[in-house]
Amino acid sequence: ISDISFNNIHTSGTINTFRVGLYGSDISNVVLTNVNVTSSGDSTISNVGIYLENSQHLESSILFNGIKVIVNGTPLNTGIDLYQINSNLEIQNSEILIDSPTSNYNYGITSEESNYNIIGSKIKINGGATENIGLNTVNSTSTNYLVQFFSCNITVTGSDDNTCYALYTGDHQSIIGGGSNLFGKTNNYYTIANKLREELKNQGRTFTEYD
């Protein structure tokens with residue numbers, strides 16, 4: 001799929017639904033190139049630019065190249081939402097923009113029980129007061145998952161300095177990154193440091209953090 005735009009825009013009032021610009025379920029061997037996705041408007045649930053799920057655990061290869069995702073609205077915005085994407089997903093040369101200071105929950109990419117790579121891409125969030133995260137990982141299982149990012153720019157701002165994270169990690173989640181600029185008004189690695197402290201404590205070792 002290439003050179004196309006998907007727009008889900010609501011301009012009047014609040015709708016009682018979950019809004020998605022582009023949705024895929026149990027897909028495999030897909031390439032998206034130069035695709036624009038917009039999800040905008042007020043909803044009682046959330047706005048999502050791209051939502052992918054793989055509940056059947058299919059072996060797949062998915063490539064996003066040159067994707068631009070714009071999401072705005074209330075009460076919750078997510079640029080790309082991944083659920084059980086445990087095969088090969090790569091996001092290259094793409095952009096996720098969320099400019100919604102009246103929305104209290106804003107996420108560039110949220111991944112639950114998923115693996116993916118992001119290369120040469122930009123995430124920019126300007127959100128509200130409760131939670132604003134560039135890369136957010138969730139894992140309620142004991143399986144280990146991996147997120148890798150290289151040559152990326154992740155900028156997260158909000159109306160409360162204590163709610164902005166470039167990265168926020170769940171349990172059993174490995175993150176490898178390099179050559180990237182990460183900006184959040186709070187310590188980008190706060191949660192990573194906490195997880196490391198807990199793991200070392202379980203091993204009977206100590207962790208000391210210095211400013």
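Rolling a 1.4 Å probe across all protein chains gives F149 an accessible area of roughly 10 Å².
The mean of 1/r over all pairs of different alpha-carbon atoms in the range 1-110, once inverted, gives a Kirkwood hydrodynamic radius of 14.0 Å. The length gained by stretching the chain between T14 and T44 to full extension, at 0.36 nm per residue less their Cα-Cα distance, is 10.1 nm.
The values are calculated or read from the model by the stated rules, or taken from the named source; none is laboratory data. Because the structure is a prediction, the values reported are computed rather than measured. Note: accessible area is taken over every heavy atom of the protein model, side chains too, but ligands, DNA and RNA are not part of it. Shrake-Rupley method; radii C 1.70, N 1.55, O 1.52, S 1.80 Å.
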